[in-house]
Amino acid sequence: MSVKITDSITWVGKVDWILRHFHGHELSTHRGSTYNSYLVRDEKNALIDTAWTPYANEYVEMLTKEIDLQDIDFIVANHSEADHSGALAELMKRIPDKPVYCSKNGAKMLKAQMHQDWNFQIVKTGDKLDLGKKQLIFVEAPMLHWPDSMFCYLTEEGVLFSNDAFGQHYATEVHFNDLVDRDELFQEAIKYYANILTPFSRLVPKKIDEFVNFKVPLNYICPSHGVIWRDNPMQIVEKYIEWADNYQENQVTILYDTMWNSTKKMSEAIARGLHNYDPSMKIKLYNLVVSDKNDVITEIFKSKAILVGSSTINKGILSAVAAILEEIKGLGFKNKKAAAFGSYGWSGESVGIVNDRLKEAGFEVLGDGLKCLWNPDEEIVSQCEAFGENLLK
Ligand code: FEO
């Protein structure tokens, strides 16, 4: 069902209530998502982005109820990733000659994914598309989060179509930020930032400055996922500036896996020590095999330090720990401290390996870590507590 956003903009996207995994199984989406597509009506009509491939037919059928497809004059593809361009292929079967406005990389990437030579119109920052009374102004946003990513801005109504930026995987039928649960919304927004945008944080303030320097009114931000920001849209921009600036709270997150609970006992004793050091500090403890990795990454994003624990197995580390360390390396967190701990039976390599991986991932590793032979006794438990208590002193 379409939703009127402003006098000229209609939301024509898809709410996906059942989505629980995105990017294959790389990203959990506990609250589903939306694929936001926008129809802008003026003397000429523009369609901005589409929906994910499995919904292609449903999307096009719904769109035909909103507008005669022949009356769409321009299609804007802000981003070629399949969740926004998947339904474009189905749409273009019906209107194959319509111009598709995208960045230079967008054209390359759409061609590579769709294997179609549509009527691509390459645009760059500052280029304008005249719709009649209003114009769309394009703003390239490479690596936010793909090389092809682009925003566009609708004059007169002051609307920024920001594609993935400022989005959230958050299914809702009400569509506007002032109508949803604020805690849920910001939980999804920070999870989205932490898991998708962290590697590109240095680009975020630059892009925001560039847009602010246009000195144009901003009444709405219409991202391609989740709610439309109409109530104080700058609030999410301000959050992005904060998150991009090596964000951290007074929080330490402990993540571990364990075989016979020795490393678990260590983690709990370390948590007690951390609490003794600073009772006001948030301390979060995750056994990685029973935790959602993207939720854990969100907590790492919020932390000033992390502790990573693994038993030693086959001269190495447990696979769940190895997996999260690989994720952390790719995300490129900055300005965070870390330490390793773990139990072992004979060879005891795990702590050294975790330390190396943490250094490789750009963390400031505090000390050599803490090892425990077999099951921690009272003395080792006390050492773990002291380790936690002294770590950040
Ligand atoms: Fe929502 Fe990068 O796709």
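Each value in this text was obtained by applying a stated rule to the coordinates, not by laboratory testing. Remember, it's a predicted structure, so these values are computed and weren't measured experimentally. Positions of Cβ are backbone-derived with ideal geometry, glycine not excepted, and every protein chain shown enters the neighbour counts.
Of all residues in segment 363-376, those that are touching a residue at least 40 places away in the same chain (Cβ under 8 Å) have Cβ atoms under 7 Å from Cβ atoms of residues that are surrounded by fewer than 21 Cβ atoms within 10 Å (Cβ to Cβ) and assigned to a strand (DSSP E or B), 6 or more apart or on another chain, in 363/337; 366/337. Of all residues in segment 249-264, those satisfying the criterion of being touching a residue at least 60 places away in the same chain (Cβ under 8 Å), surrounded by 17 or more Cβ atoms within 10 Å (Cβ to Cβ) and out of contact with any helix residue (DSSP H, G or I) (no Cβ under 7 Å at 6 or more places or on another chain) are 262, 263. Checked against the criterion of being part of a helix (DSSP H, G or I) and either out of contact with any Asp or Glu (no Cβ under 7 Å at 6 or more places or on another chain) or over 20 Å from residue 248 (Cα atoms) (or both), the candidates 339, 322 yield just one match: 322. Could you list all residues from segment 302-317 that are surrounded by fewer than 23 Cβ atoms within 10 Å (Cβ to Cβ) and out of contact with any Asp or Glu (no Cβ under 6 Å at 6 or more places or on another chain)? Answer for segment 302-317, where residues must be surrounded by fewer than 23 Cβ atoms within 10 Å (Cβ to Cβ) and out of contact with any Asp or Glu (no Cβ under 6 Å at 6 or more places or on another chain): 304, 305, 313, 314, 316.
Looking across segment 199-218, the residues that are of a type outside the set (A, V, I, L, M) and either farther than 25 Å from residue 303 by Cβ or away from the ligand (no atom under 16 Å from the Cβ) (or both) come down to 201, 202, 205, 206, 207, 209, 210, 211, 213, 214, 215, 217. Restricting attention to segment 74-92, the residues that are touching a Pro at 6+ places or on another chain (Cβ under 8 Å) and either within 16 Å of the ligand (Cβ to nearest atom) or free of Cβ contacts under 8 Å to residues at least 40 places away in the same chain (or both) add up to 2. Among the residues of segment 199-218, those identified as free of Cβ contacts under 8 Å to residues at least 40 places away in the same chain and either within 19 Å of the chain's Cα centre (by Cα) or crowded, with 21+ Cβ neighbours inside 10 Å (or both) are 206, 208.
Results for (1) touching a strand residue (DSSP E or B) at 6+ places or on another chain (Cβ under 6 Å); (2) among the aliphatic types (A, V, I, L, M); (3) on the phi > 0 side of the Ramachandran plot; (4) surrounded by fewer than 17 Cβ atoms within 10 Å (Cβ to Cβ), shown as yes or no for each residue.
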| position | (1), (2), (3), (4) |
| --- | --- |
| 350 | yes, no, no, no |
| 360 | no, no, no, yes |
| 381 | no, yes, no, no |
| 390 | no, no, no, yes |
| 393 | no, no, no, yes |
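Go through the residues of segment 263-286 one by one and say whether even a single one is under 21 Å from the mean Cα position of the chain (by Cα), closer than 28 Å to residue 375 by Cβ and not charged (D, E, K, R). Looking for residues that are under 21 Å from the mean Cα position of the chain (by Cα), closer than 28 Å to residue 375 by Cβ and not charged (D, E, K, R), one finds at least one in segment 263-286, hence yes.
Within segment 38-62, the set of residues being out of contact with any Leu (no Cβ under 7 Å at 6 or more places or on another chain) and free of Cβ contacts under 8 Å to residues at least 60 places away in the same chain comprises 41, 51, 52, 53, 54, 55, 56, 57, 58, 59, 61.
The lone criterion from (1) crowded, with 16+ Cβ neighbours inside 10 Å; (2) under 23 Å from residue 16 (Cα atoms); (3) within 15 Å of the ligand (Cβ to nearest atom) left unmet by residue 54 is number (1). Among the conditions (1) in a loop (DSSP other than H, G, I, E, B); (2) small (Gly, Ala, Ser); (3) under 26 Å from the mean Cα position of the chain (by Cα), the only one that residue 347 does not satisfy is (3).
Considering each residue of segment 296-316, count those that are farther than 21 Å from residue 26 by Cα and part of a strand (DSSP E or B), and give that number. Break it down stepwise before answering.
From segment 296-316, those farther than 21 Å from residue 26 by Cα are 303-307, 309-316; that's our starting set.
Next cut, part of a strand (DSSP E or B) only: 305-307, 309, 312-313, 316.
The number of residues fulfilling the criteria is 7.
Of all residues in segment 224-239, those being within 16 Å of the ligand (Cβ to nearest atom) and of a type outside the set (A, V, I, L, M, F, W, C) number 3.
Look at segment 1-28 and say how many of its residues are of a type in the set (Phe, Trp, Tyr) and buried (at least 18 other Cβ atoms within 10 Å of the Cβ).
The first filter runs over segment 1-28 and keeps only residues of a type in the set (Phe, Trp, Tyr), leaving 11, 17, 22.
Filter once more, keeping what is buried (at least 18 other Cβ atoms within 10 Å of the Cβ): 11, 22.
The total comes to 2.
Can you name every residue in segment 145-176 that is within 13 Å of the ligand (Cβ to nearest atom) and touching a Lys or Arg at 6+ places or on another chain (Cβ under 6 Å)? Passing the criteria: only 170. Just one residue in the set 196, 221 is within 14 Å of the ligand (Cβ to nearest atom), buried (at least 16 other Cβ atoms within 10 Å of the Cβ) and not in a loop (DSSP other than H, G, I, E, B); that residue is 196.
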